[in-house]
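The values are calculated or read from the model by the stated rules, or taken from the named source; none is laboratory data. Because the structure is predicted, anything quoted here is derived from the model rather than measured. Using ideal geometry, Cβ is built from the backbone for each residue, glycine included, and neighbour counts are taken over all protein chains shown.
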Amino acid sequence: MNYRISHLLLGIGACVALAPLHAQHTDPADIKACTGIESDAQRLACYDRASGRTQMPTAQKRTAPSKPEAAAFHRQSEVATATGNASPPLSLLDSRWELAPDSKLGTFNLRGYQPIYVMPFFGTTHRNNLPYSPNPLNAVNAPLGMQNVEGKFQLSLKTKIWQGVFGDTGDLWVGYTQDSYWQVYNAKHSRPFRETDYQPEAMLVFNTDYQLFGWNGRLLSIGLNHQSNGQSDPLSRSWNRVMAQVGFERANWTIMFRPWWRIPETDKDDNNPDISNYIGRADVQIIHEWRGQEFTLMLRDSLRGGSHQRGAARLSWTFPLAGNFRGYMELFKGYGENILDYNHNATYLGVGVSLLDWY
C-alpha cells in the first residue's frame, strides 16, 4: 500500500469532518452587518436578506412539469433571453458541484456526495467466508462464520476547499465515503462489523459546456482516490487510483463516466495485486429522476476480453416516504460489492431508507 498517498488522502478526508461549520449569529439589519459573518454561504444569505432577495431558488428534486407549465416556462425563457435578463435554472450537476458562476457558494460548505442510507436488510445467497488474494499474507484459511443477512449503511460527504484554482476556473473538492457492513443478527459471533470501507478522495473539477449526441457535457474532473478497509492481515485490502470523471445531462437524466488508473505498489505491500481485473478500470453511472423518484444504474468493467472480462452492476431506487425520509432499495450483481470481496462474485439485495440521493 502506498502510505504517503494513503495518509495524504486520509488527512484530506479528515478535513471534511473538521471543516468550519459554525456561523456567527449577526443580525443582518443592513448590508454592513453581513461583512462580519465568517461562513461564505451564511454571508451570501445575509446579503440576500439585506437586499430583499429572500425568494432564492434552492437545489431541489426536479419534477416533470405539466404541458401548460412547460409551455409557459419555455415562453418566459425566450422572452428573458431576448431582453437580456435570462437567469436559467440550475441543472442538477450545477446544484451539486457549483459549476456555473451563479451556483458558486464558496468554500468549506459541507454537502452530500454519494447516497447516504441505512439498510437494516442487506442479504446475499453467497456469503464470502473465505476471503483470499494472490498475496499469501491475505488469504483466510478458516471460515469466518458470517451470516448471509446483515445491515449496511453508507455515509458520504464532500466540500470545496479551493474555489477558482486557475483564476475563474477549476474548483478543488475533497470527499469522504464510508460503507459499513454490520452482522447485527449474528449473535453467535457477538454481532461484529464484518467490513468497513474507507474512501477519501480529492478532485479538481472543471465546468464544461458542449454538446455530444444530444447530451450537454457539463463536468470534467481529475483526482486521487484511496480505498481501504483498515483491517490487519489477512483481511487487509487497499488500493490507490488516479480517477477522472466526465458528466453529461439532459432533462431529468445524468450520466457520469469514471475511468481510472491504479497507482502501482510493491509486491510485498500489495494486498490485492489483481484487483483491477475484478473491480475493474472504469464505470458509468446513469441517474434518472421521475415523479420524485430516482433510479440509478451503475455498470463497471475490467476492460479486458475473454476470460479476463469481469464486472458488476448495481441498480438502486429511491422514492418518497415522509418528510426528508426516502425509501431505498438496491440490487447488486457481480464482483467487488466491497473491497474485501473484490474477487467474489455474488448477488446482493438491500432495503432501507435514504437521507440524500446520488452525489
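Spot the failing condition for PHE153; the list is (1) assigned to a loop (DSSP other than H, G, I, E, B); (2) touching a strand residue (DSSP E or B) at 6+ places or on another chain (Cβ under 7 Å), and only one is missed.
If we test PHE153 against (1) assigned to a loop (DSSP other than H, G, I, E, B); (2) touching a strand residue (DSSP E or B) at 6+ places or on another chain (Cβ under 7 Å), just (1) comes out false.
On the basis of being closer than 20 Å to ARG314 by Cα, in contact with a helix residue (DSSP H, G or I) (Cβ under 7 Å, 6 or more places away or on another chain) and crowded, with 18+ Cβ neighbours inside 10 Å, does THR254 make the cut? First the steps, then the outcome.
Values: closer than 20 Å to ARG314 by Cα: yes; in contact with a helix residue (DSSP H, G or I) (Cβ under 7 Å, 6 or more places away or on another chain): yes; crowded, with 18+ Cβ neighbours inside 10 Å: yes.
Yes: the conditions hold for THR254.
Looking only at the stretch 128-150, count how many residues are touching a residue at least 60 places away in the same chain (Cβ under 8 Å) and crowded, with 18+ Cβ neighbours inside 10 Å.
5
Return the residues of the stretch 260-272 that are part of a loop (DSSP other than H, G, I, E, B), of a type outside the set (Ser, Thr, Tyr) and surrounded by fewer than 17 Cβ atoms within 10 Å (Cβ to Cβ); say none if nothing qualifies.
ILE263, PRO264, ASP267, LYS268, ASP269, listed by residue number.
Any residue in the stretch 164-189 that is within 30 Å of GLU150 (Cβ to Cβ) and in contact (Cβ under 8 Å) with a residue 40 or more places away in the chain sitting within a Cβ distance under 6 Å of a residue that is of a type in the set (S, T, N, Q) and in a loop (DSSP other than H, G, I, E, B)? List the pairs, counting only those 6 or more apart or interchain.
THR177/GLN114; ASN186/GLN147
Which of the residues belonging to the stretch 339-356 are surrounded by fewer than 21 Cβ atoms within 10 Å (Cβ to Cβ) and not in a strand (DSSP E or B)?
Across the stretch 339-356, the qualifying residues are ASN343, HIS344.
Yes or no: ARG291 under 21 Å from the mean Cα position of the chain (by Cα), surrounded by fewer than 20 Cβ atoms within 10 Å (Cβ to Cβ), basic (Lys, Arg) and in the same structural domain as TRP253 (by TED's automatic domain parsing)?
no
Let's see how each residue does on (1) within 20 Å of the chain's Cα centre (by Cα); (2) not charged (D, E, K, R):
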site: ALA187; (1), (2): no, yes
site: ARG191; (1), (2): no, no
site: VAL205; (1), (2): yes, yes
site: HIS226; (1), (2): yes, yes
site: PRO264; (1), (2): no, yes
site: ASN271; (1), (2): no, yes
site: GLY280; (1), (2): yes, yes
